[in-house]
Amino acid sequence: MTCNCLREIIRKRCDRNYDDAIKKALSAYEEYKDNCYLNQAYLCYVEQNKKNEAVKILKKMLELEPESVDLYKKIAFDYFVNGDFKEAIKYYKKVLELEPNSSRNNFNLGCAYHYNNDAKGAKHYYEQALRLDISNVSALNNLGLLYYEHNNYKYALLFFENAIKYNPMHPEAYHHIGIINRKFLCDYRTSELYLKKAIRLDPKHAENYYELALTYQKMDKTKEMLTCAAKCHDLKPSHKESLKLIEEFKC
């Protein structure tokens, strides 16, 4: 009976008959107290991009599984992508209570603090992530970002270089090393090399081309600058700075 009920809910969801699927899933949950039904309701809300309702379902699932680290991770992540970083912090802290020795969990909590504009909290958890795993490239890169955002380019450069040491294919680290060499070190040739590497690794990222255009501007290479600015604008038509650069220097 329960299997038939679940199959019917899944069929309704696959047919995008979401209201009926949710109603039947919630009714089945009340009868059988099985989170597999709530999970179907959650998926219905996710597929409709109803983020707040989806999170409410996950919280209800916690009633049956109050120590489920996977549920806490899902709730924390959903709050994070929804831009509610304070709530994300709350649930990532619970994840960390359940799995305290995870570098990834510390990194995720650091990200939530970072996006909540709490540099001290972000730094603490990024560093904790690295104490647990020195090769955590994401933590290395984000510590670099944190220092870069506070104009401490020497430490930023150190962390970005370490990120590349552990992952030579990390485009964001190359991107920021290129910027630092242009803005702070006035080493335009090195800036060019790193930004070209970032482009090879991530050719669809418009900002790589814009930053390279600024480097070419410093090198008085107008033709190359206009080419990169145009590529940036092609990839991201809303990029006003690249358009301004093109209009300023075009013949």
Legend entry - Farthest positive-ward along the chain dipole, Cα basis, beta-carbon charges - from Y194, Y72, F107: Y194
Inset, instruction - Please work out the C-alpha center-to-center distance from the stretch 172-247 to the stretch 34-68 and express it in whole Å. - result: 43 Å
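Rounded to the nearest 20 debye, what is the charge dipole size of the chain about its Cα centre when +1 sits on each Lys and Arg Cβ and -1 on each Asp and Glu Cβ? Provide the component values of the computation, followed by the final result.
Details: 40 positive and 35 negative charges, 99 e Å.
It works out to roughly 480 debye.
Between E149 and E63, what is 0.36 nm times their sequence separation minus the Cα-Cα distance? Round to one decimal in nm. Walk me through the numbers on the way to the answer.
Details: separation 86, 0.36 × 86 = 30.96 nm, distance 4.07 nm.
Length difference between fully extended and current span is 26.9 nm.
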Legend entry - the stretch 67-151: radius of gyration and largest Cα-Cα distance (Dmax), Å: 12.1, 41
Inset, instruction - Please build a GNM for the chain, connecting alpha carbons under 10 Å apart, and tell me which residue among S191, S27, S102 fluctuates the most. - result: S27
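As an exercise, take the mean of 1/r over every pair of distinct alpha carbons in the stretch 1-104, invert it, and state the Kirkwood radius in angstroms.
On the way: mean 1/r = 0.0698 Å⁻¹.
For the stretch 1-104, the Kirkwood estimate is 14.3 Å.
If you put +1 on each Lys and Arg Cβ and -1 on each Asp and Glu Cβ, how big is the dipole of the stretch 1-64 around its Cα centre, in Debye rounded to 20?
Numbers: 13 positive and 10 negative charges, 37 e Å.
Around 180 debye, computed over the stretch 1-64.
So what's the back-of-envelope 222 nm ellipticity for the chain, counting only DSSP H runs of four-plus at -39500 (n - 2.57) apiece and dividing by all residues, rounded to 500? Numbers along the way, then the final one.
Working: 15 runs with 198 residues, N = 251.
Helices in the chain give a 222 nm mean residue ellipticity of -25000 deg cm²/dmol.
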Legend entry - Relative contact order %, the stretch 169-251, counting alpha carbon pairs below 8 Å whose residues are six or more apart: 22 percent
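What's the whole-number percent of alpha carbon pairs in the chain lying beyond 34 angstrom? Intermediate results must be reported in sequence, preceding the final value.
On the way: 12106 of 31375 pairs.
Within the chain, distances greater than 34 Å cover 39 percent of Cα pairs.
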Inset, instruction - Could you work out the mean projected area of the convex hull around the alpha carbons of the stretch 169-251, in square nanometres to one decimal? - result: 4.8 nm²
Legend entry - Nearest 10 degrees, 0 to 90: helix 240-249 Cα axis against the chain principal axis: 20 degrees
Legend entry - Top positive-direction residue, dipole computed over the chain with Cβ charges, set A41, S27, I179: I179
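For the stretch 204-251, which trypsin sites (Lys or Arg not before Pro) are both in a DSSP coil and crowded by at most 10 other Cβ atoms within 10 Å? Walk me through the numbers on the way to the answer.
Numbers: sites: K204, K218, K221, K223, K231, K240, K244, K250; in loops: K204, K221, K250.
Sites meeting the loop and neighbour criteria: K204, K250.
Just so you know, all these numbers are worked out from the coordinates, no wet-lab data involved. Note that the structure is a prediction, hence the values are computed from the model and not measured. Cβ atoms come from the backbone with ideal geometry, glycine included; neighbour counts cover every protein chain shown.
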